[in-house]
Structures are given as structure tokens and as C-alpha cells.
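The next block holds one structure in the form of C-alpha cells; read it before the comments.
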Amino acid sequence: MRGEAATVADLLNDACARIATALGLEKREARLESRVLAAFAWNVSAAWLITHDTDLLAAPQITAFQSLLSRRLAGEPIAYLVGTREFYGRSFQVSPAVLIPRPDTELLVDLALARIPLNQPADILDLGTGSGCIAITLALERPLARVTAVDRSAAALAIAQRNADHLNARVEFLTSDWFSNLGGRCFDLIVSNPPYIAASDPHLACGDVRFEPLTALAAGQDGLDDLRQLTHSACAHLKPGGTILLEHGYDQAAAIQVLLRKNGIPAPQNWLDLAGIPRVSGGVMSE
């Protein structure tokens, strides 16, 4: 169905079948993706697609939808096509300058929130903030917290600032290569979802990941280069009794715990994601 007259239902059914075949998705997920693209292309709601499913579409509507569909069939992530992704119940702007927020990272936020008091200020640092989804969520969920977020990428920081402005979050954004521009500042809590994929990992050439910024994904031959740097420097920027929480790969928990112990975190822990995989490691610095 490539340009001839069609109803909303015709176009969505055709797109669903093509997405499922091209990307190997289950029919339910393919149907959802086709509806997301249509709602964005035509600036309508999901409800409109249902109540107008027998409407005949105009040629410009078909062209706009098919343009997005072609890009999705080539593997471009839905989040980049529509420019947003939901995280922790809020919509965040994204672009190819930032990593797409993922549900797994909500564990890191949950663990951080459990360690930030509701009724008193605390100094929080988010390293490698990207879209700002972690820092902004923490700032909104804990209004008394003083949240600082850093990234080496000016393009990423511009998106993070737009997200903070849109969501009315109070976050200080700084250009910094990890701790390099923080001077002697210290924090009660440091969080990070750093690059942790091995540079040779074949998954970097698959799926949505192909379109995401490589510098936000890969970290040396074993994926631990940035995590080594973070664990080496973190305690110099933690207050006594402060906590560090780091997201990492499925097979890196043991290595991260060794790094944390070596660098001033005497009793590191790890926490499992919803799939039962060790996803976050961290601990408390000795007082």
C-alpha cells in the first residue's frame, strides 16, 4: 500500500504487517508502533485512530505516514522518529545526540529515591546525564534536593535543559567530562548510567542501538573503561557516608564490586532488574 487511496485501518494493518516482518516484532508490538507513527504523522490521538478507522486518508497524510514508516523499517528507533520517550511516567525529548531512556534505568532511580530524604536538602550528582531523565526525575520526585547533572556533550546538555524547562525541574547542568569540571564539590549521592558495552560487542550493530550515540554506549574492550574512571574518582566527590549507584551490564556486577572496594566503598551491593539480572551496583563510603 504505497500511495493509493486507503482508510486509516487499511494503512495501519499494512504497516503492522510490514513492521512485524522487517523488524521481527510480535504483532501486538508492531501494531502499537504503527499507531504511534500514525498519531505523530497526523497529529492526532490514539483515540482518534480508533474512532476514525474507516476514514479515507488524503494523499499528504499517506505520504507523511509512509515517510516515517520507511525510516522505521530501516531500523531507526521510534523514539527518534517521534522525538520523545516516556521515562518514570513523564515524556522526555530525545534525539540522536542522546541515549534513549530505557525502563531498566528506572531501577537506578528507585534506588536513588530511597536514599534521598523527602524533608531535607541533599546534594545529588548525575554523571553523563544525556537526556536528563535521571536527574530531572530525581529533582521532581525530591523537590528539596539540589541536583547537578553533567555531560561532556553540549548537544546532550541542550536537550537535557529543554526537558528540565518543559517539566519545570530545578537542575544545574554543567559541561564536564565526568568529574573534570566539578572542582572539589562533594555530594550525598552520585548516580550514573555510563557507557558499559564492550566496543567489540556485536549488539552495537543491531536494532535501535545502531542509531544511538556510540560514545554513550561503548567503553573500551571490556566495557569497563568509564566505570573504572568513575569508581576511581567518586570517593573524592562523596561526602562522608555518601552513596554511589552505578548502572552496568548484565555480566559486570562482580567486576564493579571489585572496583568499588578498591576505591573506598567497603561493602558494595548489587540490585536486580525485573528480569532478575544484576543491573545496579553501589554502596556507601566510609565515614
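What are the residue pairs meeting all of these: first residue in the stretch 233-253, first residue more than 13 Å from residue 190 (Cβ to Cβ) and at pLDDT below 95, second residue open to solvent by less than 10 Å² (accessible area, probe 1.4 Å) and part of a strand (DSSP E or B), Cβ atoms under 9 Å, and 6 or more apart or on different chains?
From residues that are more than 13 Å from residue 190 (Cβ to Cβ) and at pLDDT below 95, the pairs are 248/280; 248/281; 252/281; 253/280; 253/281.
Could you tell me which of the residues 137, 175, 129 is within 19 Å of residue 282 (Cα to Cα) and either modelled with pLDDT of 95 or more or among the aromatic types (Phe, Trp, Tyr) (or both)?
Unique residue meeting the criteria: 129.
Pull out all pairs, ordered by first then second residue, where Cβ-Cβ is under 8 Å, the residues are six or more apart or on different chains, the first lies in the stretch 260-279 and is on the phi < 0 side of the Ramachandran plot, and the second is open to solvent by 30 Å² or more (accessible area, probe 1.4 Å) and among the β-branched types (Val, Ile, Thr).
265/284; 267/284
Can you tell which of 34, 91 is closer than 30 Å to residue 125 by Cβ, under 23 Å from the mean Cα position of the chain (by Cα) and not basic (Lys, Arg)?
91
Considering only residues of the stretch 141-153 that are of a type outside the set (Val, Ile, Thr) and under 17 Å from the mean Cα position of the chain (by Cα), which is nearest to residue 128 (Cα to Cα)?
Once the filter is applied, the top-ranked residue is 151.
Looking only at the stretch 108-127, which residues are open to solvent by 30 Å² or more (accessible area, probe 1.4 Å) and either closer than 21 Å to residue 162 by Cβ or of a type in the set (Lys, Arg) (or both)? Lay out the reasoning, then the answer.
Restricting attention to the stretch 108-127, the residues satisfying the condition of being open to solvent by 30 Å² or more (accessible area, probe 1.4 Å) are 110, 114-115, 117-121.
Hit for the stretch 108-127 is 115, nothing else.
Taking into account only those residues within the stretch 1-31 that are farther than 25 Å from residue 83 by Cβ and not in a loop (DSSP other than H, G, I, E, B), which is nearest to the chain's Cα centre (by Cα)?
Here the residue is 27.
If you scan the stretch 54-107, which residues turn out to be in contact with a Gly (Cβ under 9 Å, 6 or more places away or on another chain), assigned to a helix (DSSP H, G or I) and surrounded by 17 or more Cβ atoms within 10 Å (Cβ to Cβ)?
62, 66
The values are calculated or read from the model by the stated rules, or taken from the named source; none is laboratory data. All values reported here derive from a predicted model rather than from experimental measurement. Here Cβ is always computed from backbone atoms with ideal geometry, including for glycine, and neighbour counts include all displayed protein chains. Areas reflect the complete protein model, heavy atoms only, side chains present, ligands, DNA and RNA absent. Shrake-Rupley method; radii C 1.70, N 1.55, O 1.52, S 1.80 Å.
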